[in-house]
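For reference, the structure is listed below as structure tokens.
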């Protein structure tokens, strides 16, 4: 399994809840979840841009390849024995497009969808 760095919005309650769910899925491999607000990942925050990081989590593999939106989520699911099948489906062309549209809609409405508050309103 690859080593992955996951950059997410540590100020968002919805994001925290989603991250907690992902951690319970027993992901295989070395995966480091880090808030993009953490100074340790400033080089990535500068490279990707804070506005982009507020719109999507980013998954960065050991080859420094960036995955965002539903692709990032799909990469994480591919590291779960339980959800690997869903990761495969999410990679199929038409389904991939639908997943990215859905991810963007959820990301844009995350404060309204969650009982967990976000600092970014």
- If you count, for each residue, the other Cβ atoms within 10 Å and average over each peptide, how do 27-33, 11-17 line up from highest to lowest? 11-17, 27-33
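By average Cβ neighbour count within 10 Å, what is the ranking of 90-102, 56-68 from highest down? If you can, show how the numbers build up before the last one.
Values: 90-102: 13.8, 56-68: 16.9.
Order by mean packing, descending: 56-68, 90-102.
May I ask you to derive the relative contact order of the chain, considering only C-alpha pairs under 8 Å and at least 6 residues apart, and to give it as an integer percent?
Working: 160 pairs, mean separation 39.0, N = 121.
After rounding, I find 32 percent.
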- Note on the structure: Most exposed first, judged by fewest Cβ atoms within 10 angstrom, 74, 2, 110, 26 run 26, 2, 110, 74
- Query: Distance from the Cα centre of segment 9-44 to that of segment 72-95, in angstrom?
  - Reply: 18
- What's log10 of I(q)/I(0) for the chain at q = 0.12, 0.18 Å⁻¹, Debye sum over Cα points only, no solvent? -0.41, -0.98
- Difference of contour (0.36 nm per residue) and Cα-Cα distance, residue 38 to residue 64: 7.5 nm
- Query: Extension gain residue 96-residue 2, at 0.36 nm per residue separation less the Cα-Cα distance, in nm?
  - Reply: 31.7 nm
- Item | Gaussian network model of the chain, springs between alpha carbon atoms under 10 Å - residue of 44, 21, 83 with greatest fluctuation | 21
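At 0.36 nm per residue, minus the direct Cα-Cα distance, what do residue 47 and residue 104 gain on full extension? Give it in nm, one decimal, please.
Working: separation 57, 0.36 × 57 = 20.52 nm, distance 2.08 nm.
Extra length available between residue 47 and residue 104 comes to 18.4 nm.
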- Item | Computed label-point distance, nm, for sites residue 87 and residue 30 using a 7 Å Cα→Cβ extension | 1.7
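Every number in this text was worked out from the coordinates using simple rules, so none of it is lab data. The model shown is predicted, which means the values in this text are computed figures rather than measured ones. Backbone-built Cβ (ideal geometry, glycine too); neighbour counts: all protein chains shown.
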